[in-house]
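The values are calculated or read from the model by the stated rules, or taken from the named source; none is laboratory data. These numbers come from a predicted model, not from an experiment. Note: ideal-geometry Cβ built from the backbone for every residue, glycine included; neighbour counts use all protein chains shown. The area values use the complete protein model at the heavy-atom level, side chains included, leaving out ligands, DNA and RNA. Shrake-Rupley method; radii C 1.70, N 1.55, O 1.52, S 1.80 Å.
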Amino acid sequence: METYKEYLIEKRRKFHKIPEAGFMEIETTVEIIKELKKLGFKNIKYGRSIHHERLGVPDEESIKAHLRESHINADFDIKEIEEGYTGLIAEYDSGISGPKFGFRFDIDGLALEETKNKDHIPNKFAFNSKNEDFMHACGHDGHISIGLALAKYIISKKNLIGSYRFIFQGAEEGVRGGKSMADAGCAENLDYFFSSHLGMGFKTGEIGFGSVGFFATKKFDIDFIGKSSHASGAPEQGRSALLAAASLALVLNSLTQYSRGATRVNVGVLNSGTERNIVPEHAHMELEIRAEYQALLDDMESRVLKALEGTSIAFEVKNQIRLMGTSIAYNYIDEDFFEDLKNYLTSLGYNLILKPKFKASEDVSSMLKRVAEKGGKSLHFIIGSDLKSNHHTNSFDFDENSLYIGFQFYKDIIDYLNIKYKQ
Ligand SMILES: [Zn+2]
Ligand SMILES: [Zn+2]
């Protein structure tokens, strides 16, 4: 199986070089399609048809600027991908009746400049990011590589039954792509659905099996519109958008007190003002709320809206609020399915850590839920990987040995369910 090890590392490094932000994974999408075609996939869907409503799409100018710097070539129509309808679905039907499998791999990078440190392995082996301000700092380059290796395995294996759907999803960061693709029907009609994340605090060789505790979350952009005036000559005529926003930021941090479950709030961006002697007319805020349970998130949301209304009244400013991303809480496990797979995988020698709490948001939760609601079996796992630095930091790097472990884990599950179904 040495060839798969090489394939995994080669693909990981290839995609590590071209990180792209959410809904801008244009070169990434095109390169995945090209590879899948090369492997022999005929049924590949992409563009508008695999999306419903996309939240938090970058403005047209940013997408165009990104395209100018990319060198994309394809011998198929990529117009819709270039409009930010990124990601794709590839399906392989064995032609023999059997279960319908689905897998989801996220493909986006982050707006982060990769470290120039020479000890950083991507620098050492010359596969560092060529997109200056972007980086694969969460491990999604590894997810793409596992997805492709699995696709290669499925299409080359002779005696498989059923069908296999590979969902390569963009814009996971900021939880935007998952819901859009799930609402477009990407996860319908599946008997089994699996997804995973590399790292997340687990060591190489450990597998977090049956992740639960996905946080519900909503991401908002808020703009305050006040009135400018001379700060000394006529301060009473001004209405400070900056003070309104600053005040709201403080109020929001009092919203996390709940006895019923964990919650989070973070104001991550606050920009305002033009000159020291002008009462600021405009302020821009980006914030997120998260909660262990949906009801808590709904409650927090209504309090965010009240606090926004209250501060706007107090400071006599107008506001505009926009939803930029959202994901649901997910805590469900099909116990029989979980037990059965757990026993089998343990017998193969896997070091499983059962039902790890994810404690973050992952927009695959919309797909996990949809499959489970329709009677399918869905599971998420964490493929442990020794990390050089935490997720979302500029020297993030994972242990490439974990790619093969992850690939093999998926492969063993598929082989097992095939045998089981045939009996
Ligand atoms: Zn991430
Ligand atoms: Zn991630």
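Worth a mention:
- Subset of the stretch 126-146 (residues that are away from ligand 1 (no atom under 16 Å from the Cβ), of a type outside the set (A, V, I, L, M, F, W, C) and more than 12 Å from residue 198 (Cβ to Cβ)): 128, 130, 131, 132, 133
- Among the residues of the stretch 90-112, those that are open to solvent by less than 10 Å² (accessible area, probe 1.4 Å), farther than 16 Å from residue 174 by Cα and among the hydrophobic types (A, V, I, L, M, F, W, C) comprise 90, 101, 103.
- The residue that is most open to solvent (accessible area, probe 1.4 Å), counting only those in the stretch 172-199 that are more than 12 Å from ligand 1 (Cβ to nearest atom), over 26 Å from residue 405 (Cα atoms) and hydrophobic (A, V, I, L, M, F, W, C), is 184.
- Residue selection: residue 358 fails the criterion of being in contact with a Ser or Thr (Cβ under 6 Å, 6 or more places away or on another chain), open to solvent by less than 10 Å² (accessible area, probe 1.4 Å) and in the same structural domain as residue 198 (by TED's automatic domain parsing).
- Yes/no for residue 196 being in the same structural domain as residue 356 (by TED's automatic domain parsing), farther than 17 Å from residue 18 by Cβ, within 15 Å of ligand 2 (Cβ to nearest atom) and not acidic (Asp, Glu): yes
- Members of the stretch 405-423 that are in contact with a helix residue (DSSP H, G or I) (Cβ under 6 Å, 6 or more places away or on another chain) and under 12 Å from residue 198 (Cβ atoms): 406, 407
- Filter pass, residue 306 being assigned to a strand (DSSP E or B) and out of contact with any helix residue (DSSP H, G or I) (no Cβ under 9 Å at 6 or more places or on another chain): no
- Among the conditions (1) without any contact (Cβ under 8 Å) to a residue 24 or more places away in the chain; (2) buried (at least 19 other Cβ atoms within 10 Å of the Cβ); (3) not polar (S, T, N, Q), residue 373 misses just one, which is (2).
- Taking the listed residues 161, 167, the one that is away from ligand 2 (no atom under 12 Å from the Cβ), over 17 Å from the mean Cα position of the chain (by Cα) and touching a residue at least 60 places away in the same chain (Cβ under 8 Å) is 161, with no other qualifying.
- Of the strands (runs of 3 or more DSSP E) lying entirely inside the stretch 315-400, those carrying at least 2 residues that are within 16 Å of ligand 1 (Cβ to nearest atom) are 318-327, 377-383.
- When restricted to residues that are open to solvent by 20 Å² or more (accessible area, probe 1.4 Å) and touching a residue at least 40 places away in the same chain (Cβ under 8 Å), the stretch 133-152 contains 2.
- Residues that are in contact with a helix residue (DSSP H, G or I) (Cβ under 9 Å, 6 or more places away or on another chain) and surrounded by fewer than 20 Cβ atoms within 10 Å (Cβ to Cβ), drawn from the stretch 1-40: 1, 4, 5, 7, 9, 10, 13, 14, 17, 35, 39, 40
- Residue list for the stretch 124-141, restricted to those being of a type in the set (D, E, K, R) and within 16 Å of ligand 2 (Cβ to nearest atom): 141
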